[in-house]
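Visitor: One structure coming up, written as structure tokens, with questions to follow.
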Amino acid sequence: FELFFKCTGDPRALHSFPTRRSSDLAVIEGMARIAAASDRCGYAAQARIAASYDYTEALAAVRTPCLVVQGLADRLTSPGGSVILRRALEGSRLEMVEGVGHNAHIEMGARFVDMATRFFAEVDDRAA
């Protein structure tokens, strides 16, 4: 979905998105409208800037437990970036999820909520 839509701006890509709930489809269609209206050159410039910044030192200062969720079908960010995040964030957990793209929180729905809930419960248990 992401690659097809990004390259063509064609909302028909939405129909291949792995969700069936109408509420999710409405969110995705809204995201598609925003993307279609965005300046592609501006987006490319922002992406280059974000990709060139080294967050490693700042991440090492984070002391809050973090859950990093990587969709293995993500065409915008590679799993390698999530591995780097996991290593830089002390005490974090990395969950790599098959069949999920860039918008894991939407694509996974209740599974995402369950994953985050379990993570935060474990963090609470460790703090107690």
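Visitor: Do any helices (runs of 4 or more DSSP H) lying entirely in segment 1-114 carry at least 3 residues that are more than 30 Å from Ala127 (Cα to Cα), at pLDDT below 85 and open to solvent by less than 80 Å² (accessible area, probe 1.4 Å), and which ones are they?
Guide: Because the criterion is at least 3 residues that are more than 30 Å from Ala127 (Cα to Cα), at pLDDT below 85 and open to solvent by less than 80 Å² (accessible area, probe 1.4 Å), the helices (runs of 4 or more DSSP H) in segment 1-114 that meet it are 2-8, 22-37, 40-52.
Visitor: Across segment 55-70, what is the total count of residues that are more than 19 Å from the chain's Cα centre (by Cα) and not β-branched (Val, Ile, Thr)?
Guide: 5
Visitor: Still on this structure, please answer the following. Of all residues in segment 74-92, how many are of a type outside the set (Lys, Arg) and in contact (Cβ under 8 Å) with a residue 40 or more places away in the chain?
Guide: 2
Residues checked against (1) free of Cβ contacts under 8 Å to residues at least 40 places away in the same chain; (2) over 21 Å from Phe119 (Cβ atoms); (3) of a type outside the set (Gly, Ala, Ser):
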site	(1), (2), (3)
Gly30	yes, yes, no
Ser38	yes, yes, no
Gly42	yes, yes, no
Ala50	yes, yes, no
Tyr55	yes, yes, yes
Thr64	yes, no, yes
Gly71	yes, no, no
Leu94	yes, no, yes
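The values are calculated or read from the model by the stated rules, or taken from the named source; none is laboratory data. If you're wondering where the values come from, they're calculated on a predicted model, not measured in any experiment. We place every Cβ from the backbone using ideal geometry, glycine too, and count neighbours over all the protein chains shown. SASA here: full protein model, heavy atoms, side chains in, ligands and nucleic acids out. Shrake-Rupley method; radii C 1.70, N 1.55, O 1.52, S 1.80 Å.
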